[in-house]
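Following: one structure in structure tokens, then a few remarks.
Rule-based calculations on the coordinates, nothing more; no lab input. All figures in this text were calculated on a predicted structure; none of them were measured in a lab. Note: ideal-geometry Cβ built from the backbone for every residue, glycine included; neighbour counts use all protein chains shown.
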Amino acid sequence: MTPWVVLLGSAVLEAVWATALGASDGLARPGPAAVFAVALVASMVGLAVSSRSIPIGTAYAVWTGTGAALTVGWAMLIGAEPTSLTKLCLMAGIIGAVLGLQLAGRSGRRGR
């Protein structure tokens, strides 16, 4: 698996743990709390593994940006958060920045 696939999978897990954290009522509900814990660890492992090949600044920006956009998108989809054109445009900006970082990583030198 490529480091970028691992990183994006890890970002999806970030959205899972963030959503589960919200559903856990401050970790008081065992089911969502368990999902939170498992997804959190798996997400961090994916970030760590991908950062072996992707500079950590880029990896972290992609991880947080993608995870945040997915978390907000899911919340809007299920009606937990209001949808607006402004939010959708800003989410598109986040996704555009993530794609730009990925493309820049391909053409630039890898630095540590």
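Computed values, structure above
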{"item": "Residue 84 vs. criteria surrounded by 14 or more Cβ atoms within 10 Å (Cβ to Cβ) and hydroxyl-bearing (Ser, Thr, Tyr)", "result": "no"}
{"item": "Segment 28-48 residues that are touching a residue at least 40 places away in the same chain (Cβ under 8 Å) and within 26 Å of residue 1 (Cβ to Cβ), paired with ones that are surrounded by fewer than 17 Cβ atoms within 10 Å (Cβ to Cβ) and of a type in the set (Ser, Thr, Tyr) (beta carbon under 9 Å, 6 or more apart)", "result": "47/60"}
{"item": "Output for segment 17-34, where each listed residue is out of contact with any Gly (no Cβ under 9 Å at 6 or more places or on another chain) and buried (at least 18 other Cβ atoms within 10 Å of the Cβ)", "result": "19, 21"}
{"item": "Filtered residues of segment 55-100 (kept if of a type outside the set (Gly, Ala, Ser), part of a helix (DSSP H, G or I) and touching a residue at least 24 places away in the same chain (Cβ under 8 Å))", "result": "58, 62, 63, 64, 66, 70, 71, 74, 94, 95, 98"}
{"item": "Enumeration of residues in segment 44-62 that are in contact with a Gly (Cβ under 8 Å, 6 or more places away or on another chain) and buried (at least 21 other Cβ atoms within 10 Å of the Cβ)", "result": "46, 54"}
{"item": "Pick from segment 1-38, criterion among the polar types (S, T, N, Q) and part of a helix (DSSP H, G or I), ranking: nearest to residue 104 (Cα to Cα)", "result": "10"}
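Yes/no per residue for (1) under 21 Å from residue 100 (Cα atoms); (2) hydroxyl-bearing (Ser, Thr, Tyr):
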{"position": "5", "(1), (2)": "yes, no"}
{"position": "9", "(1), (2)": "yes, no"}
{"position": "23", "(1), (2)": "no, no"}
{"position": "29", "(1), (2)": "no, no"}
{"position": "38", "(1), (2)": "no, no"}
{"position": "43", "(1), (2)": "no, yes"}
{"position": "60", "(1), (2)": "yes, yes"}
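Condition check ((1) over 14 Å from the mean Cα position of the chain (by Cα); (2) surrounded by fewer than 20 Cβ atoms within 10 Å (Cβ to Cβ); (3) within 22 Å of residue 57 (Cβ to Cβ)) across all residues:
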site: 3; (1), (2), (3): yes, yes, yes
site: 6; (1), (2), (3): no, no, yes
site: 10; (1), (2), (3): no, no, yes
site: 38; (1), (2), (3): yes, yes, no
